[in-house]
Structures are given as C-alpha cells and as structure tokens.
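Notes to accompany the following structure.
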Amino acid sequence: MTPYEDHAHFPLTTDEDIRTRVEDLLESAARRQWWTLFLDVERRQLPVIMPMAEYPRDPDEWAPLGAGLGGTAAELLADRLTGIAEEIGAASLVFAWERPGAGEPTAEDRVWARGLDAACAAVGLTVRGSSSCTTRVPAGSPRRSTSDTGDVCQDRSMPSAVLLIRASELSSVAEYAYAATAPKDARLIFLAGACPLNPDGSTAALGDYVGQAAVCIETMQGALAAAGATIEDVISTRVLVASSDRGDLGAVWRVVADAFGDHDVPSTLLGVTVLGYEGQLVEIEAVAAVVD
C-alpha cells in the first residue's frame, strides 16, 4: 500500500472529479496494473492507495487457499479490500486502471471491472467508479508530466455501450440526455425497481427522501453488478417519489443526478400516491445495456 499527499483530500462526487484525481496520481501510464482508491463517507480520498499488478487474466479463475478452501480471484481480492476498508474506515472504492499505450481498455479489462464490481457488491463494498489512464509513450519509457511534449494522459471511464444523444433544438433545462441508444449486439438488462430496503427487509431511512434515494442507488448498483454491469451501462431510468411536493421530487433527483454524474441518461421523474413497501418514499427503475 502506498501513502499519498494530504493535499489531495477533496470529495470525488462526479466522474470528472475521479478522472482528475487519477490524472493527479498517475500522470501517465507506465505499466499494466490498477490502483484502488479508498473514499470516506463524504467521498474524500483516504491516505492509502493499493496497486495491483500481478493478477490472473480471468476474475473467475479459482484460487485455492488449501484445506479445500478458496474462491475466485475477484472474490479473494474483494475480501482483501474489505479488510483494508474496515481497517481505515473507508465507505467506498474507486478503481484506476493504468494501461500503457493509446488504445481503449480491452475486453479483458471490462471483464475484470465487472467481475470486481460484482465481487465487491457481494461483500457489501460500494464501487463509486472506474477510470483508466493511458499514454502514447512506449511501455518502459521514463515517466514525464502531462505537460511534456508527446505525452498524453487520457483519464476516462471504462467504455460503455450506451450512446447518449443530445437534442440541441430542445430545451436545455432538462438535466439529462433526451435519448440513448446501444449497439444491436448489446445485452439488455432490465432491473426491478430499486427499493430502499435494509438487508432484513425493513424500509431504510424512514421519512427521509434523500436517505431513501441513496439506498435505492446502492440497491440499483448491486443489481447491476450481479448482472455484469455498472451505472455507466444504464441506458434509461424512471424515478418514482411518493409525494405531491416538487421540493421532495427535486431533492430525490439531486441524489440520482449526483450518482450518475456525467452519464446523465434519459430519465423520467414522477410523483406518485403510494409505493409498495411500508414507509417507502422512493423507487428507481433502470434499464442497462452491455456488450460482452
């Protein structure tokens, strides 16, 4: 594990924040590995990062531990990350993928990203996002700062099959894309409405619209991970709020918008009379698309 300088403490609340932080950390890619960043409850980076350079090509590869015990590579890594997160008080993670060369992340990278998301979700770890850093200088060349001629550090989210469509002739007041498409070979994922439920089935954050919206986002991310997807693969949402007060709808929307960041998919925000569970105020429906 590698410490980092304290001046880097600021909330990573959007995709752009994550990309900027990765650029600050890596400058340019020198080897093929990934870094785990640990965030506190306010999404500020904690002073510990963990590089990972030696790992199998397949996250589902079985890794024996002896005495008939073991797990997949992704599961064992998620267990290790859980221990570190508990030790330092981390509430969520960000994965930064360091890749020499100018190409997009490979299919193998995407498989690992989704495998890690699913394994982390299974042990209750929240993954806030993934970003990749590449450089056009040959692998093994000395690192240079991003201001040096010929060096390009491109921090970008792991590629999504979803294409967001803007409609410049329509009102810009809407805080989302007006349409979205996915390639014809994409696998569609239809999620059940994400509800604000505790593990025991009780309703979380009773009476709290913002709190319930946050739990719904976490529930949605867990369902996406189980289906081999991330929030960047969502193609549309519908947000249901049990209220006739536009202020309540707006408060819930801010939570949803912050969670999606730059990936502002087409969405519908509705005030409804009642939702299914006792004390339920919020529900979020979503459809995602991935190319395996």
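Hey, any hits in the stretch 229-237 for a residue that's modelled with pLDDT of 95 or more, crowded, with 21+ Cβ neighbours inside 10 Å and in contact with a Pro (Cβ under 9 Å, 6 or more places away or on another chain)? So far as the stretch 229-237 goes, yes, one or more of its residues are modelled with pLDDT of 95 or more, crowded, with 21+ Cβ neighbours inside 10 Å and in contact with a Pro (Cβ under 9 Å, 6 or more places away or on another chain). Screening Ala107 against (1) surrounded by fewer than 21 Cβ atoms within 10 Å (Cβ to Cβ); (2) closer than 23 Å to Gly228 by Cβ; (3) among the small types (Gly, Ala, Ser); (4) modelled with pLDDT of 80 or more leaves a single unmet condition, (4).
Annotation: Ala223 fulfils all but one of (1) over 17 Å from the mean Cα position of the chain (by Cα); (2) small (Gly, Ala, Ser); (3) closer than 14 Å to Ala192 by Cα; the unmet one is (1). Of all residue pairs spaced 6 or more apart or on separate chains, those with beta-carbon atoms under 9 Å, a first member in the stretch 216-245 that is without any contact (Cβ under 8 Å) to a residue 60 or more places away in the chain and a second member that is aromatic (Phe, Trp, Tyr) and in a loop (DSSP other than H, G, I, E, B) are Thr237/Tyr176.
Restricting attention to the stretch 250-269 and to residues that are more than 18 Å from Ala177 (Cβ to Cβ) and surrounded by 18 or more Cβ atoms within 10 Å (Cβ to Cβ), the residue that is modelled with the highest pLDDT turns out to be Val252.
Return yes when Ser160 is assigned to a loop (DSSP other than H, G, I, E, B), modelled with pLDDT under 85, crowded, with 21+ Cβ neighbours inside 10 Å and not charged (D, E, K, R) and no when it is not. Yes; evaluated as a whole, the condition is true for this residue.
The values are calculated or read from the model by the stated rules, or taken from the named source; none is laboratory data. As the structure is a prediction and not an experimental result, all values here were calculated from the model. Glycine also receives a Cβ, built like all others from the backbone with ideal geometry; neighbour counts cover every protein chain displayed.
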